[in-house]
Amino acid sequence: MADQGRMGRGLVLAAAIAVGLVGAGLIGAGPAAAQIPAQPEAGSFRMGIEPWLGYGLWHVAAAKGLFRAQGLTDVEIVNFTQDKDINAALVSGRLDGANVATHTALVLAAAGLRIRIVALLDVSMTADAIIAGPGIAHVSDLKGKAVAYEPGSTSQILLSYALSQNGMTLADITSMPMPALDSAAAVTTLQVPAGVSYEPYLSLARIVDPTVRLLYTAAEDPGLISDVFVVREEVLASRPGQVAALLRVWQAAHDDYEKDRIGGRAIIAKAVGAAPEQLSAAFDGVIFSSLADNRRELTGAFTEHVIADVKKAARAAGVLHGDVDAAGLIDPRFVAATR
């Protein structure tokens, strides 16, 4: 994947400033689940996405014609390559919704953007990790060492959390800011002893240099690194049928993937710029969430404590500024309407 990973996950100053251009006041609650139309409204839907495996079911949906099957004839999947770009596009209204990390949704909302989380897409287990070269056997060995990671991203969240579990903070390392692809490459070329990245970069790095090892993964705290589908509140109010239809598309793609994992993984691997055989371990490190999972999680564990844990970690990492009602950001009406 050509420098296009999960990079839209940090909030940059430009995006925060742009919030002021969007207007003030919250959109109303919109229709209840029972009132959400069974068919999507006419018109286009612009969805922001990045080449991260956890968003892969959208690529399956596009390849298999599943959007049209749900009555969505004009869904534009817009790809982004920089952290600032997907956030700024969402803030400015150039996107109707986007696939982002859970902590990014919190950061955007805290900055004033009127969005809601309508679905939990995936949970990363071993697909986000700190990798290390020779001489680094434990997280504690990172003290005083240079570590490459993308500031403001899931990588910073994971690194900060791992350090905190070992009695350290980011101040105890030498931070080397760079995109996730470069972070992984920097470890393989011995520019840094350790770096934080995600799939497919992790697998590719270990293919390039088999001595590179996973030092710490997101599986240490399941849900800490997770992804959600967020939609602007005015879109939820004006086009609720589209949103519900998109979630049905996600479920249809999930069903298709479960029936044909080889075919589904081939589609996703192509979309993120890698060969399927390079990513077998990568796919195993990501859990896609079905709508049944969502109905359980959005009224259960994810809402009750996981998102609060993410908020705490984001604040500790220095990524989240200001306050946000984490649980209140979740809108379960749309997954409820897909029964």
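The values are calculated or read from the model by the stated rules, or taken from the named source; none is laboratory data. What you see is a predicted model; the values in this text were computed from it and never measured. Here the Cβ is made from the backbone with ideal geometry for all residues, glycine too, and neighbour counts use every protein chain on show. Side chains included, ligands, DNA and RNA excluded: accessible areas come from the protein's heavy atoms. Shrake-Rupley method; radii C 1.70, N 1.55, O 1.52, S 1.80 Å.
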The distance between the Cα centres of the range 83-147 and the range 277-293, in whole Å, is 17 Å
Could you order the peptides 118-127, 201-210 from most to least packed, using the average number of other C-beta atoms within 10 Å per residue?
118-127, 201-210
For the chain, modelled as a GNM with alpha-carbon contacts under 10 angstrom, which of 198, 257, 55 fluctuates the most?
257
Roughly how many percent of the accessible protein surface of the chain is carbon and sulfur, given a 1.4 Å probe and a whole-percent answer?
55 percent
Tell me which aspartates and glutamates have Cα within less than 18 Å of residue 64's Cα, excluding those fewer than 8 residues away on the same chain?
74, 76, 255, 256, 258, 260
How large is the charge dipole for the chain, taken about the Cα centre, if only the Cβ atoms of Lys, Arg (+1) and Asp, Glu (-1) carry charge, to the nearest 20 debye?
360 debye
I need the shape label for the range 126-176. Rule: rounded when a/c is under 1.5, else prolate if a/b > b/c, else oblate, with a, b, c from the alpha carbon gyration tensor.
rounded
I'd like the antiparallel share, as a percent to the nearest 5, of DSSP beta bridges with both residues in the chain.
65 percent
Between residue 189 and residue 165, what's the calculated FRET efficiency when r is the beta-carbon distance and R0 is 35 Å? Round to 0.05.
0.80
Mind checking which aspartates and glutamates have their C-alpha under 14 Å from residue 145, skipping anything on the same chain fewer than 8 residues away?
172
Accessible area in square angstrom per residue, the chain, 1.4 angstrom probe:
37 Å²
Of the labelled options (i) 16.9; (ii) 15.3; (iii) 19.3, which one gives mean projected area of the Cα convex hull in nm² as computed for this structure?
(ii)
Within a Gaussian network of the chain (alpha carbon springs, distance under 10 Å), most fluctuating of 59, 321, 103
321
In the range 267-308, which residues have a backbone nitrogen under 18 Å from the label point lying 7 Å from residue 259's Cα in the Cα-to-Cβ direction?
267-268, 290-292
Normalised by the residues of the chain, what does the relative contact order come to in percent, with Cα pairs under 8 Å and at least six apart?
29 percent
